[in-house]
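Colleague: One structure, pasted below without further comment.
The values are calculated or read from the model by the stated rules, or taken from the named source; none is laboratory data. None of the values given here were measured: they were computed from a predicted structure. Reconstructed Cβ throughout: ideal geometry from the backbone, glycine too, with neighbour counts over all protein chains shown.
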Amino acid sequence: MAVTRRSFLTGAVSLPCIAQAAANSGGPMKITQIDAVTFRKVIKVGGNPGGSEAPEFCWVHLHTDQGLIGTGETYPYHQGEIGALKDYARVLLGKDPRDIDGIWRSFYHNMAMRNAGGADMRILSAINMAQLDILGQAAGLPLYRLLGGKTRQRARVYNTTTDYWAINGTRMGRDTMKIVEFLLERGITGMKIYPFSAPDNYLSNDALERGLGWIREIRDKVGNRMDICVDCWGRFDFPSALRIAKALEPYNIMYLEDAMLNGNARAYSRLARETSVSICMSETLATRSEFREFFELEACDVVMYDLCWCGGPSEARRISDMADTYFIPVSPHTCGGPLLYICSTHLCTALPNFLIMESNYWKYTHQFPYFVTNAPVPKDGAVVPPELPGIGAGIRPELFTSGDAIVETVAKS
């Protein structure tokens, strides 16, 4: 049966059937078309203030001459990302998408000679994800098999807890223990919180004390049953970051994330030396090259990256392996779109130095099911990846027939 884009999207041809045909052909494969996929301005996806906004993620479709379509994802600035995709699309046409490392290296070299990073790096991450999706479909294997196979049956998750992605309208500070009990009842024994905020990068004594109040309440009520990750989102200068770290020492938190911006590894090295709190760096870093200095200077205790920003699943695996040589564990960032979340679940299943993975109740309960059928829902505090070829997201075809997905063909041979 000939495979068309229409038959793929409407489900007339199953992915396992296509994958088996591609795997059996054994011949070359070519990228023949590249699409950018964005979504309508308003999509109703759940009851919170962010529920009616356009999704922040966009997708890349790589079409092949054997009928397989790989999908990758990145976020959050579509215009820059799609512009980068247009710049590089002609370089990709005609290439075999299964040449994962060759395409990555060529793309990265072109980018690096013109100031690597930003939208270029984010779109490379999406392309790499789409390539691996194709490779998995062609081989009939789930993504975690391509990343080394299982080192564990399940990946433990924590819940990122914000007012924007709220749990049933609750708010940290006002409803702290209601949130904690809600998570513990579902077997989730880790949470990320944002207790510290201040103007001008300096944290006052009052602001420090208010933030510590959240943490004291959790420890007083449930003890160490709940692991706590504290994220500062790069807001603070060094003196404030050090004050936060010192103040957190008695509370046995899991890690302190992005206490400052990532531009000075030596400052982070000093912070790590002067506190017993584990320092986590950073979803905002990309490629092995940017993490290298943090490893060499002993500037972080936990590695966090985002598969949509760091160079894709292939580069995330390489960063993880480098971290493993320093005995540093990995805790991926996943609060983007559904493909990021599912791909991260695959990767965490494969990593020997995995610590814990981010999840968000509002996203996997309300947002992700609107777009895909196979976003893992935590059970007993852990997730498992789909046992389907490639990413196995189960993208909903009705997105493309309802007009919710806006498809722009960027290049075609």
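Colleague: Return the residues of the range 100-125 that are touching a residue at least 24 places away in the same chain (Cβ under 8 Å) and surrounded by fewer than 17 Cβ atoms within 10 Å (Cβ to Cβ); say none if nothing qualifies.
Modeller: Those that are touching a residue at least 24 places away in the same chain (Cβ under 8 Å) and surrounded by fewer than 17 Cβ atoms within 10 Å (Cβ to Cβ): Asp101, Gly117, Gly118.
Colleague: Taking Thr284 as the residue in question, decide whether it is polar (S, T, N, Q) and surrounded by 17 or more Cβ atoms within 10 Å (Cβ to Cβ). Please lay out each step first, then the result.
Modeller: Numbers: polar (S, T, N, Q): yes; surrounded by 17 or more Cβ atoms within 10 Å (Cβ to Cβ): yes.
Answer is yes for this residue.
Colleague: Are there any pairs, at least 6 apart or on different chains, whose C-beta atoms fall under 6 Å, with the first in the range 290-317 and within 27 Å of Leu135 (Cβ to Cβ) and the second of a type in the set (D, E, K, R) and not in a loop (DSSP other than H, G, I, E, B), and if so, which?
Modeller: Pairs found: Cys308/Glu73; Trp309/Arg122.
Colleague: I'm checking my understanding of the structure. Among residues of the range 53-68 that are crowded, with 22+ Cβ neighbours inside 10 Å and hydrophobic (A, V, I, L, M, F, W, C), which one is farthest from the chain's Cα centre (by Cα)?
Modeller: Out of the qualifying residues, it is Leu68.
Colleague: Quick one: in the range 193-214, of everything that is modelled with pLDDT under 90 and in a helix (DSSP H, G or I), which residue is nearest to Ala259 (Cα to Cα)?
Modeller: Once the filter is applied, the top-ranked residue is Asn201.
Colleague: Of all residues in the range 373-382, which are surrounded by 18 or more Cβ atoms within 10 Å (Cβ to Cβ) and more than 26 Å from His61 (Cα to Cα)?
Modeller: Answer for the range 373-382, where residues must be surrounded by 18 or more Cβ atoms within 10 Å (Cβ to Cβ) and more than 26 Å from His61 (Cα to Cα): Pro378, Gly381, Ala382.
Colleague: In addition: Scan the range 237-296 for residues that are over 25 Å from Cys335 (Cβ atoms) and small (Gly, Ala, Ser) and report the count.
Modeller: 4
Colleague: Do we find that Leu208 is surrounded by fewer than 21 Cβ atoms within 10 Å (Cβ to Cβ) and aliphatic (A, V, I, L, M) in this structure? It would help to see each step written out before you state the result.
Modeller: Values: surrounded by fewer than 21 Cβ atoms within 10 Å (Cβ to Cβ): yes; aliphatic (A, V, I, L, M): yes.
Considered against the rule, which asks whether it is surrounded by fewer than 21 Cβ atoms within 10 Å (Cβ to Cβ) and aliphatic (A, V, I, L, M), Leu208 comes out as yes.
Colleague: Could I ask something else about it? Exactly one of (1) assigned to a loop (DSSP other than H, G, I, E, B); (2) farther than 21 Å from Ala375 by Cα is unmet by Cys335. Its number?
Modeller: For Cys335, the exception is condition (2).
Colleague: Of everything in the range 244-281 that's hydroxyl-bearing (Ser, Thr, Tyr) and surrounded by fewer than 18 Cβ atoms within 10 Å (Cβ to Cβ), which residue is nearest to Leu208 (Cα to Cα)?
Modeller: Going through the range 244-281, the residues hydroxyl-bearing (Ser, Thr, Tyr) turn out to be 251, 255, 268-269, 275-276, 278.
After this cut, where a residue has to be surrounded by fewer than 18 Cβ atoms within 10 Å (Cβ to Cβ) as well, the list is 251, 276.
Values: Tyr251: 14, Ser276: 18 Å.
If we take residues in the range 244-281 being hydroxyl-bearing (Ser, Thr, Tyr) and surrounded by fewer than 18 Cβ atoms within 10 Å (Cβ to Cβ), then Tyr251 is nearest to Leu208 (Cα to Cα).
Colleague: Could you tell me which numbered condition Tyr88 fails, if it satisfies all but one of (1) modelled with pLDDT of 95 or more; (2) surrounded by 15 or more Cβ atoms within 10 Å (Cβ to Cβ); (3) outside any loop (DSSP other than H, G, I, E, B)?
Modeller: Going through the list (1) modelled with pLDDT of 95 or more; (2) surrounded by 15 or more Cβ atoms within 10 Å (Cβ to Cβ); (3) outside any loop (DSSP other than H, G, I, E, B), Tyr88 breaks only (1).
Colleague: Additional query: Could you tell me how many of the residues in the range 146-177 are in a helix (DSSP H, G or I) and under 13 Å from Met226 (Cα atoms)?
Modeller: Step one: filter the range 146-177 for residues in a helix (DSSP H, G or I), giving 146, 176-177.
With the extra rule that they be under 13 Å from Met226 (Cα atoms), the set shrinks to 176-177.
Total satisfying the criteria: 2.
Colleague: Which numbered condition trips up Gly392, out of (1) surrounded by 21 or more Cβ atoms within 10 Å (Cβ to Cβ); (2) modelled with pLDDT under 95?
Modeller: Every listed condition holds for Gly392 apart from (2).
Colleague: What about Leu183, is it assigned to a helix (DSSP H, G or I) and more than 30 Å from Tyr88 (Cβ to Cβ)?
Modeller: Numbers: assigned to a helix (DSSP H, G or I): yes; more than 30 Å from Tyr88 (Cβ to Cβ): yes.
Considered against the rule, which asks whether it is assigned to a helix (DSSP H, G or I) and more than 30 Å from Tyr88 (Cβ to Cβ), Leu183 comes out as yes.
Colleague: Contact list please: Cβ distance under 6 Å, first residue in the range 350-376 and assigned by TED's automatic domain parsing to the domain that holds Thr160 and of a type in the set (D, E, K, R), second residue crowded, with 24+ Cβ neighbours inside 10 Å and modelled with pLDDT of 95 or more, pairs at least six apart or on different chains.
Modeller: Filtered contacts from the range 350-376: Glu358/His333; Glu358/Thr334.
A quick yes/no check of all residues on (1) under 27 Å from Gln367 (Cβ atoms); (2) at pLDDT below 95; (3) outside the structural domain of Ala316 (by TED's automatic domain parsing):
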{"site": "Gly47", "(1), (2), (3)": "yes, yes, yes"}
{"site": "Gln66", "(1), (2), (3)": "no, no, yes"}
{"site": "Tyr75", "(1), (2), (3)": "yes, no, yes"}
{"site": "Lys95", "(1), (2), (3)": "no, no, yes"}
{"site": "Tyr108", "(1), (2), (3)": "no, yes, yes"}
{"site": "Met113", "(1), (2), (3)": "no, yes, yes"}
{"site": "Met121", "(1), (2), (3)": "yes, no, yes"}
{"site": "Ala126", "(1), (2), (3)": "yes, no, yes"}
